[in-house]
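For reference, the structure discussed in these notes is given below.
All of the numbers you see were taken from the coordinates with simple rules; none came from a lab. Please read these numbers as outputs of a predicted model, since none were measured by experiment. Cβ: placed from backbone, ideal geometry, glycine included. Neighbour counts: every protein chain shown.
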Amino acid sequence: MLEGFLNAITYQSVAAEIGGVIIGIIFGAIPGLTATLGIALFVPVTFLMSPEHGMIMLGGIYSGGIFGGSISAILINIPGTPASIVTSWEGHAMARAGKAPFALALAAMSSGIGGILAAIAVLFLTPILSSFALSFGSPEYCALLIFSFTIVIVMLETPLASNLFGCFVGLLIVTIGLDPVIGTPRFTFGVVELYSGFNLVAVLIGFFCMSQAVVLALNSLRPDKGGEIIFDGKSPYAELLRVVPTRIVTYLRSAVTGVFLGILPALGPVETPFISYALEKRFNKRNEKFGKGSVSGLIASETSISANVGGSLIPLISLGIPGSGAAAVFIGALTLHGLQPGPMLFANQPTLIYSFFWGFLILNIFMLFFGVFAARYCAFVLKIPKFVLATFVAAFSILGTFAIQNNMFDVFVMLGATAFALWFQALRISLLPVVMAVILGPLFEQQIAVLNTSYSSVGEVLQRPAAVVFLAVSVLMLGFRLVRGTSRSGMPEQTEV
Amino acid sequence: MFVFRLFSFALIAAFALVLGKQAMGISGMASTYPLTLVTVVLAGTLYMIATAVAQRREPPVLTGDVSHLVAATGPERLRLFAFVILWVAYPWLLGMLGFIVTTTLAITVSLCMLGQKRILLAFACAAVFSVVFAVLFTTVFYVPVPAGILDDWLTTFIFRLQS
């Protein structure tokens, strides 16, 4: 752990932390660009770095991107990322009341505190979960993967049948390539480049970046409804120092909510602030007017979002299970660096993982200070026209994909993935189950093959308590969702962050 | 929308059938996993088609960007289509014209097509971007992007400077 800390404070690591946070804040602040898009676009850049520095930079982009969304939410009432919808309710109300600098500084402070508390949770919870997962055999892994698929399928607002359908289509797509059992090419149609399957990062860039370029191009053709930037107000620091110490309970409640929801797949930064905000309204005893510039409401939203980002890293590193689209891209980045997320990663590369965790803690501290003192200067990016963004996101998507393996075939895979993402969006089939299936599909098939050769009957598998618990919870969740139907209100349909 | 959904699910079913036919040729237990998936996807497709048929008289639920696309005017859709074609053609053109020329042209056309009125400004930005990235790819990232005449000149120039 100490070696990890020392690695995280080298000048390369600090540069990765600072660079990642600033890039992330800029990406997040621009409406239409998301944290996931930022991470996916910068994965090829991490090849120039060691894996730990690359991961730290991507962590910075993730955290910074999520916070950056609050800048436009507060200043022009347009959430930079869908995660900042709740922030826009309270933050923009503050801005309209002439307290824009205070709203920005409070959002940055809350985001930083949420991230720091989550990073501490990551540092201590991940090794525990990882060592528990070391005892997993193929039955537990298969059951855990089924549990992960189920939780994503059940939690999304889109119809259950279409989520299930998307998951199976994703699983079928990743069977293209070499068969893990007998090692012969499967469904490759004679194309040699398909022997190793589709390049995961190329697919993810298609899903999250190039498709977004098309959406940006479409939006650039419509009249711009961008609101006026409200940026008046006095220096926020005195009020910030007065307010923050009085809201410790709100910070702790929101951070715990965020970390807990982050650990669960499918409850990402988009849904978390709604839940945290609802809890705050329920338990807050200050008689604040929520929705009209409530300090506690803004703190609850921002703290929980950042804590959720940290929380999602726990299952990602310890079990290899992504909880959101951004976490899925993280898995792709790790895989490209030759690292397989899961319990063995912690056992084999503890220094690398602790470097990343300490780096994540430090970058959140940096984000806090940068946000409080300098986030206002990022407001200039709100003026970048959408057609410029569309053009350069398209160019970077293609060039970034090519740079992964210096291979034009990957570019065509990425373009195919773009068409697929837009097609499924038009069909109202959520992309997250497909992404989960594409990432976890090969591992699932591998574990099923091991299970098939190691266990002769279902009875033997049912003697493994952890596997039974995962399967039972999966069945219960599916049953609950079927009984409850699809009616649920208060939370938005799953969108990418 | 109904026809689009029907055609889409039929296409997925056809894809699953093609894979299923190939999976039949895989020997022994290795075919079980893909064949199971093919069967489930086919069953899922039939369910989705049945749902689409049952809901055909209901107004289509259009969310976010899809509703923007439906609401777009003819010229707007044409420009969007041209944007897509431009960037799909870009990787092919890279091999023929080289990085600097293709990227400069693609970015200029893309910017002007989507709303930039000042063509010279768009061209200047695109040219600067292309040359800067050509230099970065050659000297920092070591990415062998397809080279044309201009790229070769630039590479020769950089190596002369370095030697």
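Some values worked out for this structure:
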item	result
3J(HN,Hα) from dihedral phi, the stretch B:78-85, Karplus parametrisation 6.51/-1.76/1.60, rounded to Hz, x for glycine, proline	4, 5, 5, 4, 5, 4, 5, 4
FRET efficiency, B:Val3 to B:Gln162 (Cβ-Cβ, R0 60 Å, nearest 0.05)	0.50
Helix-only mean residue ellipticity at 222 nm for the protein assembly as shown, each DSSP H run of n ≥ 4 adding -39500 (n - 2.57), per residue, nearest 500	-23500 deg cm²/dmol
Close Lys-Lys pairs in chain A, where close means Cα under 15 Å and separation is 8 or more or interchain	6
Where labels lie 7 Å past Cα in the beta-carbon direction, separation of A:Phe369 and A:Val483 in nm	5.3
Relative contact order [Cα under 8 Å, 6+ residues apart], the stretch A:153-210, whole percent	22
Shielding score for A:39-52, defined as the mean number of other chain Cβ atoms within 10 Å	1
Taking chain B and dividing mean pair separation by its residue count, relative contact order in percent (alpha carbons under 8 Å, at least six apart)	18
Where a label projected 7 Å from the Cα of A:Arg96 along Cα→Cβ would reach, residues of the stretch A:293-313 with amide N under 14 Å	A:293-294
Efficiency of FRET from Cβ geometry, A:Gln349 and B:Ile119, R₀ 51 Å, rounded to 0.05	0.45
For the stretch A:436-446, 3J(HN,Hα) per residue [Karplus equation, 6.51 cos²θ - 1.76 cosθ + 1.60, θ = phi - 60°, Hz, x = Gly/Pro]	4, 5, 5, 7, 8, x, x, 5, 4, 5, 4
Relative contact order %, the stretch A:1-121, counting alpha carbon pairs below 8 Å whose residues are six or more apart	23
Residue-averaged beta-carbon neighbours from other chains (10 angstrom radius) around B:104-115	5
Crossing angle, helix A:325-336 versus chain A [Cα axis fit, 0-90 degrees, rounded to tens]	50
Shape of the protein assembly as shown, Cα gyration tensor, a/c cut at 1.5	rounded
Distant-in-sequence amide H partners of A:Arg186 (H built 1.01 Å from N, under 5 Å)	A:Gly177, A:Leu178, A:Asp179
10 Å Cβ neighbours from other chains, averaged over peptide B:37-50	4
Distance in nm between pseudo-label sites at A:Ala15 and A:Glu193 (7 Å out along the Cβ direction from Cα)	3.3
Net dipole in debye of chain A [+1 Lys, Arg Cβ; -1 Asp, Glu Cβ; about Cα centre; nearest 20]	1520
